1. Pull up the cross-link candidates among the lysines for residue 40, meaning alpha carbon to alpha carbon under 19 Å and not fewer than 8 places away within one chain.
2. How high is the FRET efficiency between residue 106 and residue 54 when r is their beta carbon distance and R₀ equals 25 Å, given to the nearest 0.05?
3. Which semi-axis lengths, in whole Å and largest first, follow from the square roots of five times the eigenvalues of the Cα gyration tensor of the stretch 6-115?
4. Over the chain, what relative contact order in percent results from Cα pairs under 8 Å that are six or more residues apart?
5. Looking at the stretch 42-118, which chymotrypsin sites (Phe, Trp or Tyr not before Pro) are in a loop (DSSP not H, G, I, E or B) and have at most 14 other Cβ atoms within 10 Å?
6. In which sequence would 104, 61 go, from the one with the fewest C-beta neighbours within 10 Å to the one with the most?
7. If amide hydrogens are placed 1.01 Å from N in the peptide plane, which non-local residues have theirs closer than 5 Å to the one on residue 78?
8. Can you figure out the FRET efficiency of residue 23 with residue 92, using R₀ = 30 Å and their beta-carbon distance, to the nearest 0.05?
Amino acid sequence: MADDNPVNRALNHKMLEMLVPGARFLQVSDGKQAVEACEKEIFQLILMDVQMPIMDGYDATRHIRLLPGYQYIPIIAVSAGNVSGEMERCVRAGMNDFLSKPFTSKDMLKVLQANIGLGGDE
């Protein structure tokens, strides 16, 4: 989970713990840290804030997609922006799906079901 806002990271972490009990989560605060983490380990899913300091989510995603094992790992864009075309820009950068802030646990569950096959019908 890459997000520069500690409150967002805490909320997202809590939501994910509720939806995926027992899963292990790593939190980073910028895109550069996300790329570095992915160089060391392969994750099953990445939540990528779009606007972050040092390296934004678009550049981080492009770098991650070049790493071995990351061609098909779901990267989910997370953005507060409602700018026209933002979802398309995320897809062009290599992201698989899009969550618009603020989102609910139901929104998160739909994305998890669509991208990692997480069960459950809420």
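1. Partners within reach: 32.
2. 0.20
3. 19, 17, 14
4. It rounds to 21 percent for the chain.
5. Listed in order of number, the matching sites are 72.
6. Taking fewest neighbouring Cβ atoms as first place, the list is 104, 61.
7. 48, 49, 50, 99
8. My answer for the efficiency is 0.55.
Readers should treat all values here as calculations from the given coordinates under stated rules, not as data from a laboratory. Model, not experiment: these values are computed from the prediction. A quick note on method: Cβ atoms are made from the backbone with ideal geometry, for glycine too, and the neighbour counts reach across all protein chains shown.
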